[in-house]
Amino acid sequence: METKFESSIREIPYPQQAVYHRLSDLSLSEEVRNQLPEDKREDIIFDSESITMDVPPVGSISIRICDREEPKTIKYETVSSPLPFNLWVQLLPTSDTSCKMKLTIKADLNMFVKGMISKPLQAGLEKLADAIAAGRYE
């Protein structure tokens, strides 16, 4: 059963193109690491196309960029994960100097798994949205 999780919309005080450029090249996203708790920073690795992270109690998850629609959408898919999913970053301009962002995860979950992971997954998605929104895109 396909399940969708969405973050709340975040305002980012940088132009849509600048945010898109930074997020579409994951090697430039190292600064997201600084938004994470210090004990979690070693658990995440970036390169230009993928992110690998340890997510207790799930284990190691790797995602890679599978599609880009400049400057508004970046889509990721799992490469290795105990639970396959897709992640979208959607960006819309609000002015020449700011944009808004929403994250969406879609995954095929049975009712048992959905019941176990819905709250932690939603909370993690909101934390990721907070970290992206707090980034510098200059």
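Where a number appears in this text, it was derived from the coordinates with a stated rule and is not lab data. In this text, all values refer to a predicted model and were calculated from it rather than measured experimentally. Cβ atoms come from the backbone with ideal geometry, glycine included; neighbour counts cover every protein chain shown.
Against the chain, whose longest principal axis comes from its Cα atoms, helix 111-133 is set at around 20 degrees. Helical runs (DSSP H, four residues minimum) scored at -39500 (n - 2.57) apiece and divided by the length of the chain put the mean residue ellipticity at 222 nm at -8000 deg cm²/dmol.
For the chain, the Cβ-based charge dipole about the Cα centre amounts to some 440 debye (Lys, Arg positive; Asp, Glu negative; other atoms uncharged). Distance between the modelled labels on S50 and E11, one decimal in nanometres: 3.8 nm (7 Å Cα→Cβ projection). When the chain is treated as a Gaussian network with alpha carbon springs shorter than 10 Å, the biggest mean-square fluctuation among K119, K106, K72 belongs to K119.
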